[in-house]
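Each remark here refers to the structure printed beneath this line.
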Amino acid sequence: MDLFVLFKDHVQSVIDDLIKGDVLPQSVLVDVNFNAVNVEPPRDAAHGDLSTNAAMVLAKPAKMNPRALAEQISLKLAEIDIVKSAEVAGPGFINLRLEDSYWPQVIRDILADPVGFGQSDIGKDENGVSQKLNIEYVSANPTGPMHVGHCRGAVFGDALARLLEFAGFDVSREYYINDAGAQVDVLARSALLRYREALGEEIGEIPEGLYPGDYLVPLGETLKEIYGDALLSMEEDEWLPLVKQEAIEGMMGLIREDLAALNIHHDVFFSEKTLHEDQGAKIKAAIEFLREQGHIYRGRLDPPKGKLPEDWEDREQTLFRATDFGDDVDRALEKSDGSYTYFAADIAYHKDKYDRGFSHQIDVLGADHGGYIKRLKAALKAISAGDAELDVRICQLVKLLRDGTEVKMSKRAGTFVTLRDVVNEVGVDPVRFMMLMRKNDASLDFDFAKVTEQSKDNPVFYVQYGHARVHSIFRQAQEVMPGIDPASEKLKTASLNNLVDEGELGLMRRLAQYPRVIASAASAHEPHRIAFYLYELASELHSFWARGKVAPHLRIIQEDDWELTINRIALISAIGAILKSGLSILGVSAPQEMR
């Protein structure tokens, strides 16, 4: 049960009662956006267990003093059985304290459903059916192995997909293969050079403008095995499509392997090239669809501010009315040579996703794509007549450090640090967890030394150690109480009535926040909130355990009080279940032992 949803319902009931009693005017039912009424933990835990802004939201439309209205609401909330006190604070906040007897119910709820506790229905429609959601992430150009710059978007996208599934959405994970641009021609020419090398030719230094990485050497060997020396006698228009196809397949194979190393797997790999087939039939169809809606016109664009790009032309061209849908400028759809712009392909791609039934779409893009946000949102809004929503998430850069010094080179790649380099050195779990320890649009420092350090300063170690500590306690308990394990009926039926220490109550309060953390993180598309929550929960667990080292009456296992021992182990089991649940959403393992 989500405690905060429960009390939002209580607040709504109180508001209804005040309307019926003429304390509040009927007009608030029309004038107030009740979604703005929040029930959340107070910023300062000393102020209580829950806080609501209901009086502040209602006061202005009700033409009442917010503190006076808060007094009325608080009196009603104080009548609820599990409420110990309801106090008005500041300009009209209402802080609630719950009876200590309520908190054990949180443990019972978790132990009754350790896998499902915290799951949300925000992804389901009014009929309880999961809504389809498409999340496109990574989408690195298929020109080589993934580097660490791709790593953050890959982890963020995968964790967000897991979070949204937990919140009730039917999620499809998609990778957009950029296999239609000029970079693929460069890849093919680079591969042909390695092919010539495989045939015994001395190729010397790789010419500027081609990809120099030695990851193309195996591709050259593959081309040799398939074609022998036949490519050498072909004209470019003959060998280019052949080499291009093999190169893309080879590079996508590398990328899939890199993603698998991070336990990331996509449901759909969408080829950009399919949009351009048959003379761009899909792009043309998308443009014609928008033209029929009146969103396409012929016109001229004002020159961009600042220094003019070399390719800018003052000419009449086909334009999308992007400004009608929130963009800063209208957008060109055709180049001067008659070919389609990248944005025209983007329109066709997002229309394709919408036509596949995805009214909820998320694009996870790199740090250099901030300028795409408004135009992509405008495109989907126009395509769907406002029916679909698109959230574009930008993942900022990752700076690699070794003992505080920036790492710029990779021994294997020579020019960039590959994703595989990082995973091989520190492991999957530290990479995934640390990539989620900052909000996606904030830059992130990743220090090789810090992420392998066994200390409180290393969040992934500290959280995993918390889960391992839970199972260590179980192993100790089993020595004196055989049969005690997380699934034990003794724990599910424990009385829990003597868990009264402030540390125990604090842990239960923290556990009660988990459903709200899930719902808020899913609604905001911010999986880093889960990482923060897990670190706080693990910290409180370690602190409680440490208190037992100096205060024997707080130790988990009390051999002269089996009821208290069972109750504390039930609490510990609930903590372990939530740590495991949250780590699973982040795609991080929950070890039972740390070595």
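We did not get these values from a lab; they are worked out from the coordinates using the rules stated. These figures come from a predicted structure and were not determined experimentally. Don't worry about glycine lacking a Cβ; one is built from the backbone with ideal geometry, like all the others, and counts go over all protein chains shown.
Over the chain, the fraction of Cα-Cα pairs per 10 Å bin, rounded to whole percents and listed from the shortest bin up, is 3, 14, 19, 22, 19, 12, 7, 3, 1, 0. Inter-label distance, K284 to D355: 1.4 nm, where each label sits 7 Å from its Cα along the C-beta direction. Taking the Cβ of K273 as the centre, find all other residues whose Cβ is under 10 Å away and add up their charges (Lys, Arg: +1; Asp, Glu: -1). Surrounding charge for K273 is -2. Net charge in the neighbourhood of A477 (other residues with Cβ under 12 Å of its Cβ; Lys, Arg +1, Asp, Glu -1) is +1. The Cβ shell under 11 Å around I287 holds other residues with a net charge of +1, Lys and Arg each +1, Asp and Glu each -1.
Here the extension length gained between D328 and E389 equals 20.1 nm, from 0.36 nm per residue of separation less the Cα-Cα distance. Dividing the summed -39500 (n - 2.57) terms of all DSSP H runs of n ≥ 4 by the residue count of the chain sets its mean residue ellipticity at 222 nm at -15500 deg cm²/dmol. Roughly how tilted is helix 66-77, in degrees to the nearest 10 and between 0 and 90, from the longest Cα axis of the chain? Tilt of helix 66-77: around 70 degrees. Contact order, relative form, for the range 516-571: 16 percent (alpha carbon pairs under 8 Å, 6 or more residues apart, mean separation divided by residue count). For V392, the residues whose amide H sits under 5 Å from its own are D363, ignoring neighbours fewer than 5 places away on the same chain, with H placed 1.01 Å from N. DSSP finds beta bridges in the chain, and of those with both partners inside it, around 50 percent are antiparallel. I'd like the distance between the alpha-carbon centres of the range 511-583 and the range 280-328, rounded to an integer number of Å. Between the Cα centres of the range 511-583 and the range 280-328 lies a distance of 54 Å.
For V129 and L232, what is the calculated FRET efficiency with R₀ set at 51 Å and r taken between the beta-carbons, to the nearest 0.05?
Values: r = 58 Å, r/R0 = 1.14.
Step by step, r from the Cβ atoms, then E = 0.30.
Modelled spin-label separation between E559 and K439, with each label point placed 7 Å from Cα along the Cα-to-Cβ direction: 5.2 nm. The H on the amide N of K84, modeled in the peptide plane, is under 5 Å from the matching H of R97, L98, E99, each at least 5 residues off or on a different chain.
Would any residue of the range 492-510 have its amide N under 16 Å from a label point 7 Å out along Cα→Cβ of K84? List them or say none. Residues 497-510 qualify, since their backbone N sits under 16 Å from the label point.
List residues of the range 168-188, by number, whose backbone nitrogen lies under 20 Å from a label position 7 Å along Cα→C-beta of L210. In the range 168-188, the label zone of L210 (backbone N under 20 Å from the point 7 Å along Cα→Cβ) covers 181-188. Computed from the Cβ-Cβ distance with R0 of 45 Å, the FRET efficiency linking R595 to N38 stands at 0.55.
A crude spin-label estimate for the pair Q105 and K549, with each label 7 Å from Cα along the Cβ direction, gives 3.7 nm. Per-residue packing, averaged as other Cβ atoms within 10 Å, sorts the ranges 158-168, 435-445 into the order 158-168, 435-445, beginning with the highest. In the chain, Cα pairs under 8 Å separated by at least six residues give a relative contact order of 15 percent.
Hey, with R₀ at 41 Å, roughly what FRET efficiency would Y342 and S520 work out to, going by the Cβ-Cβ distance, to 0.05?
Working: r = 35 Å, r/R0 = 0.85.
Taking R0 as 41 Å, the efficiency between Y342 and S520 is 0.70.
Over the range 3-101, Cα pairs under 8 Å with separation of 6+ residues give a relative contact order of 25 percent.
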